[in-house]
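Data block below; observations after.
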Amino acid sequence: MSVSRIPARISTRAALAGGIVLSSVVLLSGTAFAHVSVQPQGEAAKGGYATVNIKVPNERDNASTVKLEVNFPLDHPLASVMPQPVPGWKAEVTKSKLDKPLELHGKKINEAVSKVTWTADGSGIAPGFFQTFPLSLGQLPEDVDQLVLKSIQTYSNKEVVRWIEEQKEGAEEPQNPAPVLKLSAASDDHHGGGATAPSATATASAGEKAGHDGKAGDHEEKAAAASSSSSSDTTARILGVIGILVGVAGVAFGVLAGRRRSA
């Protein structure tokens, strides 16, 4: 039987199956990439310092992201939070008074950073694009395995998306999950796996700068390797899902064609 003689009903069903495959891939890709997230450059070790990137994708087709607020938990406060300058954005650091003072490098600290807000000077993050916002963090807490950084994303059409929902153990991922920074085991030198960002280092104290500069090269290599590995894993997962869905669609089409021939 030639292709042109395939009944319209079977062709329609095959097209529908193909549409389901494509839609599933798009939905899976959106789930994997659409969330505001935090990614360390290298490791974020307990008790040390790290540089992290807040990754912000634009999920809207008709508006730009013009503002981002990232909140830091005061029950596990960070004495040092320094944003790296991002072209086209203005960063504002907000500090809050602590109920219990911190001790860092032999000094008592009565306040800690509670929020960093980035506001676009220009057009912001356009549809179809994402932006990263680097931060130097320290000293990371030693008594928790992760930090939840609840974030608020504002669009040019005044829409506000609150990335503040915490993941519950054993439950499905929430619709608007809060970014989570995973902390690795404490390192011997207590400086973590991520080096301070260059522009942030320029404003850091001499003591902190000396603690980070000696390992900058190693941190950059680790960050590049981690980024490459993450990208490869994500691509492999998506390609695997595409293969499974295409296979299912092919089997369905074969069954339908067989039934037609037997009829």
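Brief remarks follow.
- Amide H contacts under 5 Å for S64, placed H, 5+ residues apart: S156, N157
- Protection proxy ranking, peptides 154-167, 124-137, 174-187, average beta carbon neighbours within 10 Å, highest first: 124-137, 174-187, 154-167
- Cβ-Cβ distance of D75 and S187, R₀ of 22 Å, FRET efficiency by 1/(1 + (r/R0)^6): the value works out to about 0.40.
- Computed FRET value (nearest 0.05) for L102 with V160, which takes r as the C-beta separation and R₀ as 41 Å: 0.85
- Residue-normalised accessible area of the stretch 49-155, given per residue in Å² at a 1.4 Å probe: 49 Å²
- The portion of the accessible surface of the stretch 123-175 made up by carbon and sulfur, rounded to a whole percent, is 46 (1.4 Å probe; DNA, RNA and ligands excluded).
- Full-stretch length increase - D121, D61 - with 0.36 nm per residue and alpha-carbon distance subtracted: 19.6 nm
- Remark: the stretch 146-152, residue by residue, has Karplus-estimated 3J(HN,Hα) of 7, 10, 9, 10, 5, 10, 10 Hz, where x stands for each Gly or Pro and the curve is 6.51 cos²θ - 1.76 cosθ + 1.60 at θ = phi - 60°.
- Dimensionless Rg over Rh [the stretch 95-171; C-alpha; Kirkwood]: 1.04
The values are calculated or read from the model by the stated rules, or taken from the named source; none is laboratory data. These numbers come from a predicted model, not from an experiment. Positions of Cβ are backbone-derived with ideal geometry, glycine not excepted, and every protein chain shown enters the neighbour counts. For the accessible areas, the whole protein counts, side chains as well, though only heavy atoms, and no ligand, DNA or RNA atoms are used. Shrake-Rupley method; radii C 1.70, N 1.55, O 1.52, S 1.80 Å.
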